[in-house]
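Colleague: Structure provided below as structure tokens; questions to follow.
The values are calculated or read from the model by the stated rules, or taken from the named source; none is laboratory data. Note that this is a predicted model, so its numbers are computed, not measured. Ideal geometry is used to build each Cβ from the backbone, glycine not excepted, and the neighbour counts take in all protein chains shown. Accessible surface is based on the protein model in full, side chains and every heavy atom, while ligands, DNA and RNA are left aside. Shrake-Rupley method; radii C 1.70, N 1.55, O 1.52, S 1.80 Å.
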Amino acid sequence: MSRTLKVAAAQVGGIQRAESRQAVVKRLIALLREAHAAGCELVVFPELTLTTFFPRYFIEDPREIDAYFERALPSAATQPLFDEAKKLGIGFHLGYAELAEEGGGIRHYNSAILVGRNGRIVGKYRKIHLPGHQEPIPDAPFQHLEKRYFEVGDLGFPVWRAFGGIIGMCICNDRRWPETYRVMGLQGVEMIVLGFNTPDSNIFHSEPVHRRMFHHMLSLQAGAYQNGTWVVAAAKSGKEDGHGLIGGSAIVAPTGEVAAQAVSEGDEIISYACDLDLGRNIKEVVFNFAKHRRIEHYKLITEQTGVVLPPE
Ligand code: ING
């Protein structure tokens, strides 16, 4: 009997800088209820789901920066979301800015949690591939200061046995790096859930919007196929105080095919009944890692960070 997991990607339209967490949580609860009504067991929310994408701003006051972070989950503002999910018996993945008191200091991460249908936190992930820059770019129309506001995640790419399968997580820019999927693929992952906030324009070079959507989907589909896993990606999309984020929330099958995709740039639920055994043939034949991988030739991937050109 095949193992089916009905999952929803909950796309969240722009969150304005002035929007309160309470107002956002009300929107998330409405999406949760819609997904539950559609028979979903797991809802995937975007990256930094509780606030606007604040790394687009150069903020100097540490207290103003920290106001975007959660010191604990659930917090007073997010407790209603946890309560509603538990009442409905539906699990969820939530991206948020995490402020943690660890190792005798204050740490800041771009994080996500996976919450089971019983309301308990199954696992946490901290974003590893932080795009953008550390110092503000003078006169730029917007910034991308994730390297300034967040530390590199220190939890690796774990997977968990949950929802009847093997589930992994990553966040936004992680989805562009094949290493992200392969490390989880080597742990037998059957579904990777992720949120993203992808600006619709680039600071560094002009790029047509259609190409940003193409690269977004290319990354999801390649990662899914090359590791025989479902990939569920939920966008924060649309306008945030005039700044555009692409939509394109999608559910991608282990075959690399798109099973569902959002059509709007606002709050939208897309869902699919995912057969967790659909990736079996891919894992056992084409990408049978044990049978076909030759790690003796892959050294550079873990021993070398950047490019070293051949001698002239
Ligand atoms: N956002 C973007 C992303 O990876 C980006 C940053 C956009 C990088 C386009 C490269 C090209 O989707 C986040 N938050 O990582």
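Colleague: Being farther than 20 Å from Y57 by Cα and over 20 Å from the mean Cα position of the chain (by Cα) is the filter here; which residues of the range 14-29 pass it?
Modeller: Q22, A23, K26, listed by residue number.
Colleague: Please verify whether the range 167-181 includes one or more residues that are under 21 Å from L5 (Cβ atoms) and either without any contact (Cβ under 8 Å) to a residue 12 or more places away in the chain or open to solvent by 30 Å² or more (accessible area, probe 1.4 Å) (or both).
Modeller: So far as the range 167-181 goes, no, none of its residues is under 21 Å from L5 (Cβ atoms) and either without any contact (Cβ under 8 Å) to a residue 12 or more places away in the chain or open to solvent by 30 Å² or more (accessible area, probe 1.4 Å) (or both).
Colleague: For the range 112-171, enumerate the residues that are basic (K, R) and assigned to a strand (DSSP E or B).
Modeller: Hits for the range 112-171 are K124, R126, R161.
Colleague: Let me ask something else. Picking from I90, I121, which residue would you name as being open to solvent by 10 Å² or more (accessible area, probe 1.4 Å) and either over 22 Å from P199 (Cβ atoms) or away from the ligand (no atom under 16 Å from the Cβ) (or both)?
Modeller: I121
Colleague: Aliphatic (A, V, I, L, M), away from the ligand (no atom under 12 Å from the Cβ), more than 19 Å from I113 (Cα to Cα) and not in a strand (DSSP E or B) - does that describe any residue in the range 177-199?
Modeller: Yes, the range 177-199 contains at least one residue that is aliphatic (A, V, I, L, M), away from the ligand (no atom under 12 Å from the Cβ), more than 19 Å from I113 (Cα to Cα) and not in a strand (DSSP E or B).
Colleague: Now for a separate question. In the range 22-61, what residues are part of a helix (DSSP H, G or I), in contact with a His (Cβ under 8 Å, 6 or more places away or on another chain) and either away from the ligand (no atom under 16 Å from the Cβ) or open to solvent by less than 10 Å² (accessible area, probe 1.4 Å) (or both)? Explain how you work it out, then say what you get.
Modeller: At the first step, the residues of the range 22-61 found to be part of a helix (DSSP H, G or I) are 22-37, 54-56.
Next cut, in contact with a His (Cβ under 8 Å, 6 or more places away or on another chain) only: 55-56.
Result: P55, single match.
Colleague: Regarding I59, is this residue at pLDDT 95 or above, closer than 24 Å to L114 by Cβ and either of a type outside the set (F, W, Y) or out of contact with any strand residue (DSSP E or B) (no Cβ under 9 Å at 6 or more places or on another chain) (or both)?
Modeller: No.
Colleague: Give just the number: which of (1) in a loop (DSSP other than H, G, I, E, B); (2) over 17 Å from H144 (Cβ atoms); (3) open to solvent by 10 Å² or more (accessible area, probe 1.4 Å) does E64 not satisfy?
Modeller: (1)
Colleague: A follow-up question, please. Which condition does M191 not pass, out of (1) at pLDDT 95 or above; (2) open to solvent by 40 Å² or more (accessible area, probe 1.4 Å); (3) of a type in the set (A, V, I, L, M, F, W, C), if it passes all the others?
Modeller: That leaves (2) as the condition not met.
Colleague: Could you check the range 124-151 and list, in sequence order, the residues that are within 14 Å of the ligand (Cβ to nearest atom) and among the polar types (S, T, N, Q)?
Modeller: Q143
Colleague: Next question, about the same structure. If you check A112 against the conditions, is it within 16 Å of the ligand (Cβ to nearest atom), buried (at least 23 other Cβ atoms within 10 Å of the Cβ), hydrophobic (A, V, I, L, M, F, W, C) and touching a residue at least 60 places away in the same chain (Cβ under 8 Å)?
Modeller: When the stated conditions are applied, A112 passes them.
Colleague: Filtering the range 198-219 down to residues that are at pLDDT below 95 and of a type in the set (A, V, I, L, M, F, W, C), which residue is nearest to S237 (Cα to Cα)?
Modeller: Selected residue: V209.
Colleague: I'd like the full set of residues that are within 11 Å of the ligand (Cβ to nearest atom), in a helix (DSSP H, G or I) and not aliphatic (A, V, I, L, M), limited to the range 207-219.
Modeller: Once the filter is applied, which keeps residues that are within 11 Å of the ligand (Cβ to nearest atom), in a helix (DSSP H, G or I) and not aliphatic (A, V, I, L, M), the range 207-219 yields R211, R212, H215, H216, S219.
Colleague: Got a sec? Which strands (runs of 3 or more DSSP E) wholly within the range 220-312 have at least 1 residues that are open to solvent by 60 Å² or more (accessible area, probe 1.4 Å)?
Modeller: 230-240, 258-261, 268-275
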